1. Output the number of residues of segment 33-89 satisfying the condition of being loosely packed, with under 14 Cβ neighbours inside 10 Å, over 16 Å from residue 137 (Cβ atoms) and among the β-branched types (Val, Ile, Thr).
2. Which residues, taken from segment 27-44, are of a type in the set (D, E, K, R) and touching a residue at least 40 places away in the same chain (Cβ under 8 Å)?
3. Give just the number: which of (1) without any contact (Cβ under 8 Å) to a residue 24 or more places away in the chain; (2) outside any strand (DSSP E or B); (3) under 29 Å from residue 70 (Cβ atoms) does residue 149 not satisfy?
Amino acid sequence: MSRIGRNPISVPAGVQVQIQGATVSAKGPKGQLALTLVDEIGVTLADGKITVKPNVETRRGRMMWGMQRTLVSNLVNGVAKGFSQELEINGVGYRAAVQGKMLNLQLGYSHDINYPIPQGIEIKCEKPTSITISGADRQKVGQVAAEIRSFRGPEPYKGKGVKYADEKILRKEGKKK
């Protein structure tokens, strides 16, 4: 039995959830999202709580139970509060700036990198060396952060590059004489 799947999801105030067959849609202050569940999982809404249960007791139904519950929870939390990811830029001359719907990155290459900001994502640069990515869809926020980090990942000798704010870079020792 899934320990995660057993827990009901409470719907916060200001969020409207609709269940139509296998589709769960939520609307809140941060936007509107929808999710289609797998066939083995059923979902019910009662007394402001969403309950996720397997329709059939198969191996796949038990495997998908906890994951589908987490996806529904992320859907509800995303439209209520949203998700954010912070990136840090380390290196001399490395910087970022938002210009309209483009993120301009200078990461030590001979050219600037212009990254188009996707729909539903908000990017802020309070300092030239920090990037804050926020949005309602947790998967999309993480994907955008991973794409920006991939332009110049952190290197292990000096730590130059783009890294997550909570990431710890394992540093290597340089050449010895």
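1. Residues in segment 33-89 being loosely packed, with under 14 Cβ neighbours inside 10 Å, over 16 Å from residue 137 (Cβ atoms) and among the β-branched types (Val, Ile, Thr): 3 in total.
2. Taking segment 27-44 first, the residues of a type in the set (D, E, K, R) are 27, 30, 39-40.
Residues satisfying the conditions are 27, 30.
3. Going through (1) without any contact (Cβ under 8 Å) to a residue 24 or more places away in the chain; (2) outside any strand (DSSP E or B); (3) under 29 Å from residue 70 (Cβ atoms) one by one, residue 149 breaks only (1).
FYI, it's all coordinate maths here, none of it is from the lab. If you're wondering where the values come from, they're calculated on a predicted model, not measured in any experiment. Positions of Cβ are generated from backbone atoms using ideal geometry, with glycine treated the same way; all protein chains shown enter the neighbour counts.
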